[in-house]
Amino acid sequence: MAWRVYLLIVLATALVVWPTVAYWYTDWLWFVELGYPRVFWVPALSKAGLFAFVAAVVWAILYLNLRVALRALPPPARVELRLDGTRYVPRPGLRRWLGPGCAAVAVLAGLASTGQWVAFQQFLHAAPAGEQDPVFGLDVSFYLFRLPFWRFLQHLLWGWLLVAGAGALAVYLLAATSRLSLRGLLRLPPGARAHLSLVAGLLLLVRAGGFRLDAYELLTSQRGLVFGITYADAHARLPALQLLAALAAVCAALLFLNVWLRTLRFAAGVLAVMVAAWFVGVGVVPPLVQQLVVAPAELSREAPYLRAHVESTLRAYGLHRVRLVPFQPQDRLDPAAVQRQRATLDNVRLWDYRPLLETFRQLQSLRAYYTFSDVDIDRYPVGGRQQQLMLAVRELDTSRLPPQARTWVNEHLVYTHGYGVVASPVHRISEEGLPELWLRDIPPRAEFPELRLDRPEIYFGELTRNYVIVHTRVEEFDYPRGDENVTTRYQGRAGIPLRGWLRRMAFATRFGDWRVLLSTDLTSESRVLFARAVPERVRRLAPFLSYDRDPYAVVADGRVFWVVDAYTTSDRYPYSQPTGPFNYIRNSVKAVVDAYHGDVRLYVADPADPVLRVYARIFPGLFRPLDELPASLRAHLRYPLDLFEVQAQVYATYHMRDPRVFYNREDVWAVANEIFADRPQPVEPYYVTLRLPDAPAGTVEFVLILPMTPQRRDNMVAWLAARNDPPNLGELQVFTFPKDRVVFGPMQVESRINQDPYISQQLTLWNQQGSRVIRGNLLVVPVEQSLLYVEPIFLQAERSQLPELRRVVVAQGPRVAMAATLDEALSQVLEGRAPPPTAPGASSPRPDLAAEALRRYRLAQELLRRGDLAGFQRELEALGRVLEELARRR
C-alpha cells in the first residue's frame, strides 16, 4: 500500500515540475538552434549563483543568531497525556525545527533575489567609462554598475539582520518570562546582552555603509531645482550624511566593545547623537539652507550645479557632440538651386505612410489572408542613383483565414509564411492617384535589378506570432497562382528537430497543444519554428536591451532582412535628467534578422558605450563588430526614430547651456505641430535625401530631420538633423535660424494653406462630393539656403478604403500653390503664376470637375479589370455625382 502512496507523490511532483522543465528544455533548444547556448546559461547560472549566495547569507544570519538565542530557553518539558491510560511524551523543542525553518525562509529570499542577476553580473564585469562625476570624482561606471549592487547588499544585510535581531530578542524575552519575574524580564542575562549588542553593532555598521551610499545617490535622485546635487545638498545634506556614516561606525564599534565592557552608556550616547544628527542634518538643516541661503540668490548659488546638470544630461543622451550650424534661410528659392538639387526634389516623400499602408492593402494584399502591418522608408541605389522607397512586407495572418479553414494543420503546418515585398518611390504618382510599384505582385516582379527577390518567403516577420512545423508529411502553401496554390518545402536553416518523444512532449507542453505529440503528420525530420515575430525574437535573445518600436525591412542580395535598433539604457547616470524610466541611452546595437533563415546577429554600433562593453564581457560571442555586417546591409543602416525623438525632447530644453538662460527658461523649444487629417499633432521625424547646407557641392545624403519651434509659438527656430550614411552615421547637427526674423513654422504654413481661396474652395468641394480629404504630413525640406514646404492631399471615397494622392501643395516664401504634381506646384511658386481662375460665386473651377470625372472613370475601369465589382460600383456612383455637379454648373 505504501508504494502506491509514494508513486502518487512522485507522479504529482512530476506533473507540477514538468511544465517548468519543458519550458526550460525547449528554451535551451531554441538558444542552441540560434547558435547562442552561452546566452541561455549565463542568466540561468547567474540566477543560481545569486540564489545560492543570498540563501546562504540569509540562512547563516537567521540560523546562527536564533541558535545562540535558543540556548536561553529551558530544556523541553515532558507532557502528560491521558489516552486509554497514562504515558509521557517529550514536547518537541524549537531547535529541531530551526535548521529546516531557516532553510525554507532562505530559499524564499534567494528566489526573490534572482531578478537582480543583471546587476550582479554588471558588478562582477564592471569596466571604466572614462568619465568622472563632478562631485566625488568617481568614474561613472561606479554609479552604473557597482552602486546598484552595493545598495542591494546593504538592503539585504540590513533587513535580515533586523529580522534576526528581532527574533533573538523575542526568544530572550520568552526565556525571561519563563522565570515569572518582572526583574528577570527587564534584566537580560549577560550573554543575551552581548549577543544583542553584536547584532545591533552589525546593523549600525551596515547603516553606516547605507549613509555613504545615500551620499552617492544624491547624484542620481532629485530633491531640489534639478536632478542631482544642488547647493543645499552640497552644503547641508552631504555633510550630514558623512557625519552620520562616521557616527554610525563609532556607535557600532562601541556596541562591539560592549561584548566585553558590559555597558551601553557610551553606545547609547553616540546613538542619541546620531539620531539627533539624522533629524537635524537631513530633515531640518537642508530646507533651512534652501529658504534662508539659496532662495534669496538662487541663480548665483545654483549656477555651478546647473552647469554640471546640463552638461551631464547632454552627455548621457549623446547630445554633447551636437554640431551647431547657423542657417540663414532666403525668402526666394533660386530656380537654379532647384536644378542643382534635383536629387532632393526627386526624393521628397509625397506618400504619407498611413494612407499608403491602406493603398498597399487594397492593391497588393491579393488574398484575404495576406496583409501589411507597416510601411518603412529607406534608400536604395536604383538606376544609378539613390532613391528613397516606401516598402511593406506581405505577411500571412492566419486569423484572416475563413473559419472553416482555421484548422490546426492549416495554421501550423500549411500556412507557414508570407510572401514578397511591395516597394514604391516616395514621389511618383500614377494617373489614378496611386503609387508606382517598383516591386510588386506574387511572384515578385521588380522594375530594377537592384530590387530583385530570390527568396521572397517570410518565415520571420512582424506578424508571425504562431509556431509552425516544417518538413512534415503535409506540403506547405507557398503562394496563390490563379485558381491553384503553389506548394513548397522549407529549405532554410531554422527550426528545432522534433526527434524523439521527449522533445515532442516538451513542445506539446510548452504550446499547450497535444497534437504536437499525437499528430501523424510529423516525422523525425520535422522541425518546429517558434518565437518567429522579429520583436519577440530579438528580445528573447537579449532581454537586457531596449528596442525600437519599428523594425524595418531591407531587400538585399535577393533576400529580405529585418533591422532592429537596440538601445542600452540606465537610470543611474549621475546628474542626468530622466526621460521616462531612464536617464542614459545609446543606440549601441543593430540587430539583423534573416526573414527566411531566422538567423539573429547583433552588431556593435557604438563600441565606446560602457554599458555595452560590460554586456560584451558578460556574454562573450553575442556581439559582433560592425565591420562583419555585409556591405549590402550596412548601406541601409539608419538613425532610429525613437532615439531621435527622445533626444529632441531633451535638447529642446538642454540646448541652453548658459546657467542663467537655463534657469529662466528663456529659450525653451518644442517639436513643431502640423495638421494631419484635420487634426493638429506634433510633427514626426522624417527621412529626406538632401545636401546639407555645409556639405560639399554635389553630395546628397539620407538625413533624419525634425523642425523645432519656440515653446507655445509656431514660428520655426531650428531644425535637427541626424546623418545616416557612412561614415557619418549617428552625427547630429542643429541648424539654427536667426532670432531677429520670423521663419514660418509648419502650423503657420498650414494656416496660409487654409486661407488660400483657391485651395480652401477645392478642399471644401471634395469634402462635399462623397469623398474625404486627408492632409498628409507637411514636410519642411531644406533646399540649399531656402526652405520648401510640401504637403500631399489625399482623397478617399466614403465607402472606399483606397486613398488617392490627388494634389500637392507647395509653399515657399510668400507664395502657396496646389497642383497635381510636385513639379507643377513648384513651377507655380517659382514663376508666381496664379491658380486656375474661379468663376464668381462658384466653389471650384469647371476643369477640375472634368479631371475628377476622368479620374473616377479610369479608376472604375481599373477596378473592373481586377474583378473588384464592389469597388467598380462605388466609383461608378461617385462618377455619376461628379457628372451631375458638372451639369448643374453649366
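Please give the number of the condition residue 582 fails out of (1) among the aromatic types (Phe, Trp, Tyr); (2) under 30 Å from residue 223 (Cα atoms); (3) in contact with a helix residue (DSSP H, G or I) (Cβ under 7 Å, 6 or more places away or on another chain).
(3)
Within segment 470-488, does at least one residue satisfy the condition of being hydrophobic (A, V, I, L, M, F, W, C), in contact with a helix residue (DSSP H, G or I) (Cβ under 9 Å, 6 or more places away or on another chain) and open to solvent by 20 Å² or more (accessible area, probe 1.4 Å)?
Yes - at least one qualifying residue is present in segment 470-488.
Out of all the residues in segment 443-469, which are within 27 Å of residue 347 (Cα to Cα), open to solvent by less than 30 Å² (accessible area, probe 1.4 Å) and among the hydrophobic types (A, V, I, L, M, F, W, C)?
Selection gives 451, 453.
Take the residues in segment 360-373 that are closer than 18 Å to residue 434 by Cα and part of a loop (DSSP other than H, G, I, E, B), then tell me which one is modelled with the lowest pLDDT.
366
Give the residues of segment 327-354 that are within 22 Å of residue 701 (Cβ to Cβ), open to solvent by 40 Å² or more (accessible area, probe 1.4 Å) and either part of a loop (DSSP other than H, G, I, E, B) or free of Cβ contacts under 8 Å to residues at least 24 places away in the same chain (or both), sorted by residue number.
Hits for segment 327-354 are 328, 334, 336, 339, 342.
Out of segment 670-681, which residues are within 27 Å of residue 638 (Cα to Cα), open to solvent by 20 Å² or more (accessible area, probe 1.4 Å) and either of a type in the set (Ser, Thr, Tyr) or touching a residue at least 12 places away in the same chain (Cβ under 8 Å) (or both)?
670, 671, 673, 675, 676
In the set 576, 632, 588, which member is in a loop (DSSP other than H, G, I, E, B) and either touching a residue at least 40 places away in the same chain (Cβ under 8 Å) or touching a Leu at 6+ places or on another chain (Cβ under 6 Å) (or both)?
Details: 632 fails: in a loop (DSSP other than H, G, I, E, B); 588 fails: in a loop (DSSP other than H, G, I, E, B).
So the residue among 576, 632, 588 that is in a loop (DSSP other than H, G, I, E, B) and either touching a residue at least 40 places away in the same chain (Cβ under 8 Å) or touching a Leu at 6+ places or on another chain (Cβ under 6 Å) (or both) is 576.
State the number of residues belonging to segment 698-743 that are surrounded by fewer than 14 Cβ atoms within 10 Å (Cβ to Cβ) and at positive phi.
Selection size over segment 698-743: 2.
Given the structure, is residue 348 more than 25 Å from the chain's Cα centre (by Cα) and more than 16 Å from residue 450 (Cβ to Cβ)?
Criteria met by residue 348.
Return yes when residue 357 is in a helix (DSSP H, G or I) and within 27 Å of the chain's Cα centre (by Cα) and no when it is not.
In short, yes.
Kindly indicate which of 222, 291, 242 is surrounded by fewer than 20 Cβ atoms within 10 Å (Cβ to Cβ) and under 35 Å from the mean Cα position of the chain (by Cα).
222
Restricting to segment 708-732, name every residue that is more than 25 Å from residue 664 (Cα to Cα), touching a residue at least 60 places away in the same chain (Cβ under 8 Å) and part of a strand (DSSP E or B).
Scanning segment 708-732 gives 722, 723, 732.
Answer yes or no: is there a residue in segment 24-32 that is at pLDDT below 70, assigned to a helix (DSSP H, G or I) and of a type outside the set (D, E, K, R).
Our first condition is that a residue be at pLDDT below 70; within segment 24-32, this holds for none.
No.
Which of the following residues is assigned to a loop (DSSP other than H, G, I, E, B) and not hydrophobic (A, V, I, L, M, F, W, C): 101, 130?
Checking each option against the conditions leaves just 130.
Would you mind telling me which numbered condition in (1) open to solvent by 20 Å² or more (accessible area, probe 1.4 Å); (2) under 27 Å from residue 378 (Cα atoms); (3) of a type in the set (Asp, Glu) residue 411 fails?
The single condition residue 411 does not satisfy is (2).
The values are calculated or read from the model by the stated rules, or taken from the named source; none is laboratory data. Everything numeric here is computed off the predicted structure, so don't read it as measured data. Every residue, glycine among them, receives a Cβ derived from its backbone with ideal geometry; neighbour counts consider all protein chains shown. Side chains are part of the model used for accessible areas, which takes the heavy atoms of the whole protein and leaves out ligands, DNA and RNA. Shrake-Rupley method; radii C 1.70, N 1.55, O 1.52, S 1.80 Å.
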